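S.K.: Below you'll find the structure I mean.
The values are calculated or read from the model by the stated rules, or taken from the named source; none is laboratory data. Just so it is clear, the structure is predicted and the values come from calculations on it, not from any experiment. Glycine gets a Cβ as well: all are built from the backbone with ideal geometry, and neighbour counts include every protein chain shown. The accessibility values were calculated without ligands, DNA or RNA, using every heavy atom of the protein model including side chains. Shrake-Rupley method; radii C 1.70, N 1.55, O 1.52, S 1.80 Å.
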Amino acid sequence: MRLLPHLIENNRAWAESVLQEDPEFFAKLAKGQKPEILWIGCADSRVPANQIIGLKPGDVFVHRNIANVVVHSDFNCQSVIEFAVSVIRVKHIIVCGHYSCGGVKAASQDHHVGLIDGWLRHIRDVRQKHDAILRKISDEDQLIDRLCELNVVEQAKNVCYSTVVQEAWEHGRELSVHGWIYAIKDGLLRDLNVTISGATEIADAYRVAVNRPG
Ligand code: CO
């Protein structure tokens with residue numbers, strides 16, 4: 001039963017257009033994937049990884065959850081990182097947040113939502129950790145946006161401290177972690193300059209990213 005026939009039609013039209021451009025496109029993809037990038041982003045429907053960075057199917061391995069949170073005990077996210085780094089052997093991991101993130105907004109308020117509160121707790125921890133920076137911002141929207149940035153920096157750091165990434169660096173692997181943020185209102189990405197390519201770079205990069213003038 002086709003409950004959403006227009007999506008199936010969209011798909012056929014898309015596949016045809018791809019084949020018109022490159023008749024071998026799907027045949028090549030069917031042989032396997034070799035993306036160089038792992039994208040860890042927010043599940044928000046307005047922040048689709050491939051479109052934003054102009055990449056095709058096969059070019060980026062993607063993990064998305066509410067507010068792009070990387071937790072050491074989250075088997076889902078950690079398994080994605082392990083597979084991407086150890087099996088696919090990506091060279092870059094991009095943690096990409098976005099301004100006006102609903103998850104970050106919800107975490108910055110104190111009322112309870114439900115099951116998601118346990119997840120948002122991780123962002124509330126970020127908020128508490130950086131209270132000295134955030135309390136100086138009186139404008140509510142600016143405060144949320146700064147928390148969105150700090151959340152990216154914290155989650156990028158969590159990626160760096162994951163067992164898989166630490167081991168990759170111990171083995172001399174070429175692997176960089178990046179922290180980016182996307183603005184839905186203009187469609188543009190911004191590099192938060194938290195690029196880390198080895199264990200010895202974490203502390204300095206983190207300090208600079210957290211303390212940059214807002
Ligand atoms: Co979001």
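S.K.: Provide the FRET efficiency to the nearest 0.05 for the Glu167-Lys34 pair, computing r from the beta carbons and using R0 = 22 Å. Provide the component values of the computation, followed by the final result.
M.R.: Values: r = 21 Å, r/R0 = 0.95.
After rounding to 0.05, the efficiency reads 0.55.
S.K.: Return the carbon/sulfur percentage of the accessible area of segment 13-105, one whole number, probe 1.4 Å, all protein chains in place.
M.R.: Numbers: 2660 of 4770 Å².
About 56 percent, which is the carbon plus sulfur part of the accessible surface.
S.K.: I would also like to ask the following. With a ≥ b ≥ c the root eigenvalues of the C-alpha gyration tensor of segment 106-156, is it rounded (a/c under 1.5), prolate (a/b larger than b/c) or oblate?
M.R.: Numbers: a/c = 2.03, a/b = 1.37, b/c = 1.48.
Oblate.
S.K.: Sticking with this structure for a sec: If R0 is 25 Å, what FRET efficiency do you get for Gln128 and Val62 from their C-beta distance, rounded to 0.05? It would help to have the intermediate numbers written out before the result.
M.R.: Working: r = 30 Å, r/R0 = 1.18.
Efficiency at R0 = 25 Å is approximately 0.25.
S.K.: Near the amide H of His98, under 5 Å away, which other amide H atoms are found, from residues 5 or more places off or on another chain, if H is placed in the peptide plane?
M.R.: HN-HN under 5 Å from His98: Tyr182.
S.K.: What ³J(HN,Hα) values, in whole Hz, does the Karplus curve 6.51 cos²θ - 1.76 cosθ + 1.60 give for segment 196-208 when θ = phi - 60°, with x put for Gly and Pro?
M.R.: After applying 6.51 cos²θ - 1.76 cosθ + 1.60, I find 10, 10, x, 4, 6, 8, 4, 4, 5, 4, 5, 4, 5 Hz.
S.K.: I'd like the antiparallel share, as a percent to the nearest 5, of DSSP beta bridges with both residues in the chain. Kindly include the intermediate steps, with their values, before the conclusion.
M.R.: Working: 5 of 23 bridges.
Roughly 20 percent of the beta bridges in the chain run antiparallel, per DSSP.
S.K.: Where does each of Lys56, Lys136 land when they are ordered by accessible area, with a 1.4 Å probe and the largest first? List each step's numbers first, then the result.
M.R.: Numbers: Lys56 105, Lys136 170 Å².
Order by accessible area, largest first: Lys136, Lys56.
S.K.: Using a 1.4 angstrom probe and counting only protein chains, how large is the accessible area of Glu24 in Å², to 10?
M.R.: Accessible surface of Glu24 is approximately 100 Å².
S.K.: Past 24 Å, Cα to Cα: identify those pairs from Lys105/Lys157; Lys56/Lys91; Lys34/Lys185; Lys91/Lys185; Lys105/Lys129, in the order given.
M.R.: Details: Lys105/Lys157 21 Å; Lys56/Lys91 17 Å; Lys34/Lys185 32 Å; Lys91/Lys185 30 Å; Lys105/Lys129 16 Å.
Result: Lys34/Lys185; Lys91/Lys185 exceed 24 Å.
S.K.: Moving to a separate point now. Report the residue, chosen from Leu189, Leu19, Leu150, that carries the largest GNM mean-square fluctuation when the chain is represented by alpha-carbon nodes joined by springs under 10 Å.
M.R.: Leu19
S.K.: Excluding residues on the same chain fewer than 8 positions from Lys136, give the aspartates and glutamates whose Cα lies under 20 Å from its Cα.
M.R.: Asp110, Asp125, Asp145, Glu149, Glu154
S.K.: Just check segment 1-102 against the gyration tensor rule for me: Cα atoms, a ≥ b ≥ c as the square roots of the eigenvalues, rounded for a/c under 1.5, and otherwise prolate or oblate depending on whether a/b exceeds b/c.
M.R.: Numbers: a/c = 2.04, a/b = 1.37, b/c = 1.49.
Oblate is the answer for segment 1-102, as a/c is 1.5 or above yet b/c matches or exceeds a/b.
S.K.: Continuing with the same structure: Please calculate how many Å² of accessible area segment 106-214 carries per residue, with a 1.4 Å probe and no DNA, RNA or ligand atoms counted. Don't skip to the answer; put the middle values down first.
M.R.: Working: 5900 Å² over 109 residues.
I get 54 Å² per residue for segment 106-214.
S.K.: Quick one: what are the phi-derived ³J(HN,Hα) couplings along segment 81-89, Karplus 6.51/-1.76/1.60 with θ = phi - 60°, whole Hz, x for glycine and proline?
M.R.: Couplings: 4, 4, 5, 5, 7, 7, 9, 6, 6 Hz.
S.K.: Order the peptides 152-159, 113-120 from the highest to the lowest mean number of other Cβ atoms within 10 Å of their residues. Walk me through the intermediate numbers first.
M.R.: Numbers: 152-159: 25.1, 113-120: 12.2.
Order by mean packing, descending: 152-159, 113-120.
S.K.: Moving on. Under 5 Å between amide H atoms, partner at least 5 residues away or on a different chain: which partners does Asn68 have, H built in plane at 1.01 Å?
M.R.: Hits under the 5 Å cutoff: Cys42, Ala43.
S.K.: What does the highest-first list of 73-79, 104-110 look like by mean Cβ count within 10 Å? Before the final figure, lay out each step's value.
M.R.: Numbers: 73-79: 13.4, 104-110: 18.4.
Going by the mean number of other Cβ atoms within 10 Å, highest first, we get 104-110, 73-79.
S.K.: Hey, what's the per residue convex hull volume over the C-alpha atoms of segment 64-214, in cubic angstrom? Could the numbers behind the result be given before it?
M.R.: Numbers: hull volume 16.6 nm³, N = 151.
Once divided by residue count, the hull of segment 64-214 is 110 Å³.
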